[in-house]
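Single-structure report; data block below.
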Amino acid sequence: MDILYHSGTLFIVIGVLFFLSGTVGLIRFPDIYTRLHALTKADNVGLGCVVCGLALQSGSWVLTVKLLLIWLLVLIASSASCHLIASSAMQKNIKPWTRP
Amino acid sequence: MPNDNCLSTSHTLATLVRRSLPRFAIFSLLWYALAGSDALSWVIGVPAVLLATSLSLSLASSSRLNIRVAGLLHFIPFFLYQSFRGGIDVMHRALSFRQCLDPGLVAYTTLLPEGSARIFFVNTISLLPGTLSAELRGDQVTIHTLDQGLPVWANIQRLEYHVAALMGETGEGRENL
Amino acid sequence: MSWLHTLFALILLPAIAVGMIRILRGPTAADRMMTAQLFGTCGVAILLLLSAGMLNPVLIDIALVFALLAALATLTFIRRTWQGSGKNKHGYPLS
Amino acid sequence: MTYSILTLFDIILVATLLWLGWRLLSSEDIFKAVVLFISFGLLMALAWVRMRAPDVALAEAALGAGLTGPLFLAALRRMNRSHKGERRLDIDENRDGDHGKNSEPT
């Protein structure tokens, strides 16, 4: 039980780090496409790690299913809206930033 | 787009039952997960599940979604590993002292058939390390990559292979090229 | 030992607050909307952590609502506000 | 321990909410104000959670962020269209051309 709890904590720490780096990327990256990269990847993985950690600590099946369901929902929603944002940005001819 | 021709055969009822039963089971499980084991919750649950089943039947496209279990078992670890790598990649680029970005656009022609397989493929591209699906026209996918030094093509072909195995589309594939 | 979860939620809150800079600055409208999506995802994580920290399982349901509805705003934005009309030029299948 | 952390959480939350509300009211770009309003709704739901009113938080998340946000966005589009005096549907390509967009060429 203790091992489960501590590995859950480790997962949560990793997830929080992902979230923080996603925010840093959102602030630092130069254009809309690169910011989309930061947002979708870092946040989905971060939420996945947090969910895994909490599921490891919860010790109940119903709660685990619920947590995984939330993650799945966020995953579907954010990947779909990421593609929509990117494709309509392309449609509006917003040029990607390239290395000078 | 509603399609009526699939229900116009003589065994309409059998088809309907066969199509709706798995959905019904999935939505019932979902309700159980959401509402817990309280028996009284099914007063709302049963109508909700029925409504969800009929709604999902009427919204379902003509291409039947047949997910292979073996493909799913291969896909989930692949997906988890790849998206974790994607997260690490973005984290490294965001936190590194110098900005190490070299973004660019890559064109890719997918061999997956029109419909749910292609949509699924395009949406999962965004979770691979360093790639983001920017546009889809027919079978042409435009991919935005964070670093042109990454093996984008190889990664995407592997993803395409996995999606094809997941959706049961193997056979007509890469070897034609 | 639920203070640990609360601490993590506390760490995630500045991530939201800093992301607000992107709303205020971000050149295109989509940049601002993306940040609202970040708020949704981060909010889900904070709620999940708080539900462990405050020992209140009800918060998970609120996280579920967050996850559903944060995407709704983004989709409305794309379909209604940003992308001219609802007409779809490239044949991206909507159904 | 938990209480002091939660107090700090509340302080940051309230400060962010106040700042957000101020920026929301003082913003000139209406679209920016709408996005800030959506974010305000999400954070307000967190505040209701901290006030131990999860039911209100649920309503706030559903109404504040999920319903009014899209409604405002749709209203913004309509307002913009009637502002330009045009009834055509596919005309307002660069809606944000007047305020925000300065770096990306369209």
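Bear in mind these aren't lab numbers, they're just calculated from the coordinates by the rules spelled out. Computed from a prediction, not measured in an experiment: that's the story for all the values here. Backbone-built Cβ (ideal geometry, glycine too); neighbour counts: all protein chains shown.
Once the Cα atoms are used to define both axes, helix B:69-95 deviates from the longest principal axis of chain B by about 40 degrees. Here B:VAL17 and B:TYR161 are evaluated by their C-beta separation; at R0 = 30 Å the FRET efficiency comes out at 0.30. When both bridge partners sit in chain B, DSSP labels roughly 90% of those beta bridges antiparallel.
Our summary gives chain B a relative contact order of 23 percent, counting only alpha carbon pairs under 8 angstrom and 6 or more residues apart.
Residue by residue, the range C:34-48 carries 3J(HN,Hα) couplings of 4, 5, 4, 5, 4, 4, x, 5, 5, x, 4, 5, 4, 5, 4 Hz when phi is fed to the Karplus relation 6.51 cos²θ - 1.76 cosθ + 1.60 (θ = phi - 60°); x denotes Gly or Pro. Taken along the Cα-to-beta-carbon direction at a fixed 7 Å, the label points for A:TYR5 and C:LEU55 span 1.3 nm.
Comparing C:THR35, C:VAL18, C:VAL65 along the charge dipole axis of chain C, the residue lying farthest to the positive side is C:THR35, per the Cβ-charge model. So, in Å, what gap is there between the alpha-carbon centers of the range D:58-76 and the range A:27-69? Computed from Cα coordinates, the inter-centre distance equals 24 Å.
Report the relative contact order of chain C, percent, no decimals, based on alpha-carbon pairs under 8 angstrom and at least 6 residues apart. Computed value for chain C: 29 percent relative contact order. If both residues of a DSSP beta bridge must be in the protein assembly as shown, then about 90% of such bridges are antiparallel. With respect to chain B, whose longest principal axis is taken over its alpha-carbon atoms, helix B:152-167 is tilted by about 10°. Can you classify the range C:3-82 as rounded, prolate or oblate using the Cα gyration tensor, where a ≥ b ≥ c are the square roots of its eigenvalues, rounded means a/c under 1.5, and otherwise it's prolate if a/b beats b/c and oblate if not? Oblate, since a/c reaches 1.5 and b/c is not below a/b. For trypsin sites (Lys or Arg not before Pro), the sites in the range D:1-56 that DSSP calls loop and that have at most 14 other Cβ atoms within 10 Å are D:ARG52.
How much FRET efficiency would the formula 1/(1 + (r/R0)^6) give for A:THR98 and A:VAL65, where r is the Cβ-Cβ distance and R0 is 60 Å, rounded to 0.05?
Between A:THR98 and A:VAL65 the formula returns 0.85.
In chain B, the longest principal axis of the Cα atoms and the axis of helix B:42-59 are about 60 degrees apart. Determine the shape class of the protein assembly as shown: with a ≥ b ≥ c the square roots of the Cα gyration tensor eigenvalues, call it rounded for a/c under 1.5, and otherwise prolate if a/b is greater than b/c, oblate otherwise. Taking the square roots of the gyration eigenvalues as a ≥ b ≥ c, the protein assembly as shown is rounded. For chain A, rounded, prolate or oblate, judged on the Cα gyration tensor with a ≥ b ≥ c (square roots of eigenvalues), a/c < 1.5 rounded, else prolate if a/b > b/c? Oblate is the answer for chain A, as a/c is 1.5 or above yet b/c matches or exceeds a/b.
Report the extension gain between B:VAL106 and B:LEU72 in nm, rounded to one decimal, defined as 0.36 nm multiplied by the number of residues separating them, less their alpha carbon distance.
Additional length available on full extension: 9.5 nm.
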